[in-house]
1. Looking at segment 392-404, is at least one residue part of a helix (DSSP H, G or I), free of Cβ contacts under 8 Å to residues at least 60 places away in the same chain and buried (at least 23 other Cβ atoms within 10 Å of the Cβ)?
2. Report yes if some residue within segment 77-95 is modelled with pLDDT of 95 or more, within 11 Å of the ligand (Cβ to nearest atom) and not in a helix (DSSP H, G or I); otherwise report no.
3. When residue 151 is evaluated against the numbered criteria (1) surrounded by fewer than 16 Cβ atoms within 10 Å (Cβ to Cβ); (2) touching a residue at least 12 places away in the same chain (Cβ under 8 Å); (3) under 34 Å from the mean Cα position of the chain (by Cα); (4) not in a loop (DSSP other than H, G, I, E, B), which criterion, by number, is the only one it fails?
4. Are any of the residues in segment 226-247 more than 16 Å from the ligand (Cβ to nearest atom), within 28 Å of the chain's Cα centre (by Cα) and surrounded by fewer than 22 Cβ atoms within 10 Å (Cβ to Cβ)?
5. Taking only segment 189-204 into account, find how many residues are in contact with a strand residue (DSSP E or B) (Cβ under 9 Å, 6 or more places away or on another chain) and either touching a residue at least 40 places away in the same chain (Cβ under 8 Å) or not in a helix (DSSP H, G or I) (or both).
6. When the residues of segment 167-187 are filtered to those that are free of Cβ contacts under 8 Å to residues at least 40 places away in the same chain and in a helix (DSSP H, G or I), which remaining residue is nearest to residue 133 (Cα to Cα)?
7. What number of residues within segment 1-29 satisfy the criterion of being more than 22 Å from residue 310 (Cα to Cα) and under 10 Å from the mean Cα position of the chain (by Cα)?
Ligand code: MSP
């Protein structure tokens, strides 16, 4: 086995002022699919998610609900914690910004910025949107509101500032030197234009950033000035290193996953919080003379049947309810969860907005999983069980199947190509195309006709070849629908140590005499009356 490389991937940490919705579920599933993909591809992976618990927004919500901020946080943090079970997330850690380990590391990070001279005290005067926990310049307001539509209020308070203005050129140099630092490209251009100050370069377009608050106290106290709490975004962004034990005597995880990782650290975020990750975070890290993340990946937004999702319209999509709805259609729980994951990953071209619709979910599941892949698995494995006691024959010299078999062995590299770009939809499509090709092969070879004609060894050749293709398909499906993919691998009787991408090669093929397990239906069609 080749030496393992390290890979670090993070979701944003979620605000605990409300229950998880489809947006949170999506980011988490995306990161999970990538984390699983990399593990299968022989990387040591650290996958982090968690909750962002400080700030005015959370404090206000707690107050409104007659709870202390911490009580309120505990209640919602639990709901986010439970997402891991609900969606079968394989995260290695879950960080809460109210934990000691985080507060210590964030404080340390502040001290580094301060000791290097990047922080000064002054007075902040300007617009603040609590909903976004963001400061806006007068010129950014649209009809008196934040560009996100959030209400803004005028603030004047003593504040510490970070000398962000001195990073305009350094950031632009970074974007130029590492053009795939921000993906996709359209988002990259947006960020560059923000830092430049528009189409033409405007020197000083980037203003110093207020990084402390005095008007409320739910945050990390500044050790040297206890009237101030840390601005929630500086607090929150540092979770990516605090969870790795940054600043700790034993910072093994930081060494391994921040300083020595391949094609990572990767932060996956929604397009609405890109500025914080692609501008502020790298500037903070540069100021601290620390390593930068490898890339920031921004995904689009989900809308609901064509309509923007909002609390006031009342069309928030709750992942728990969606999975329950599938269960109400006679789909078992584990299966329902994989179907929901599948739809999220498959429906949108990564980076674009996606339209959530139950109707489309059923269409996709029935067409792609039940009819295409399911049918293939069912037909082939049932025939092998019935006609050859579930035993595989040697197909290595079956020349008529050479092309098909090679397509199976090439699947891993095709997936790598798509996953490199976070193109989950295209990666899944590659698997579906292989299943279609296999279905065409079975129709052309018609093993049922071979059987009738008494050509039993020819029939066995065709079926064993197809079992081998099913093996590739199931191995490849693991990052996206882990439960169902592993059920197929169980049917094929594949050992655990053979369930990785290394095993997608010819050398690891099903051998003559290998016996498959009792067949059961894996992808039943969903009927919706
Ligand atoms: N707490 C900050 C992140 C701090 S990271 C250091 C935050 N939290 S959030 O809970 O409001 O949002 C978390 C993620 O959910 C964001 O990436 C956001 O883009 C995403 N989504 C929220 N609504 C969404 C949709 N309707 N569709 C897709 N994702 C959306 O921001």
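1. No, that holds for no residue.
2. yes
3. (4)
4. yes
5. Summing the residues that are in contact with a strand residue (DSSP E or B) (Cβ under 9 Å, 6 or more places away or on another chain) and either touching a residue at least 40 places away in the same chain (Cβ under 8 Å) or not in a helix (DSSP H, G or I) (or both) in segment 189-204 gives 2.
6. Across segment 167-187, the extreme among qualifying residues is 168.
7. 2
Table: residues versus (1) touching a residue at least 60 places away in the same chain (Cβ under 8 Å); (2) assigned to a helix (DSSP H, G or I).
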residue: 439; (1), (2): yes, yes
residue: 449; (1), (2): no, yes
residue: 454; (1), (2): no, no
residue: 475; (1), (2): yes, yes
residue: 479; (1), (2): yes, no
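The values are calculated or read from the model by the stated rules, or taken from the named source; none is laboratory data. Everything quoted here is computed from the prediction, not taken from an experiment. All Cβ positions, even for glycine, are placed from backbone atoms using ideal geometry, and neighbour counts span all protein chains on display.
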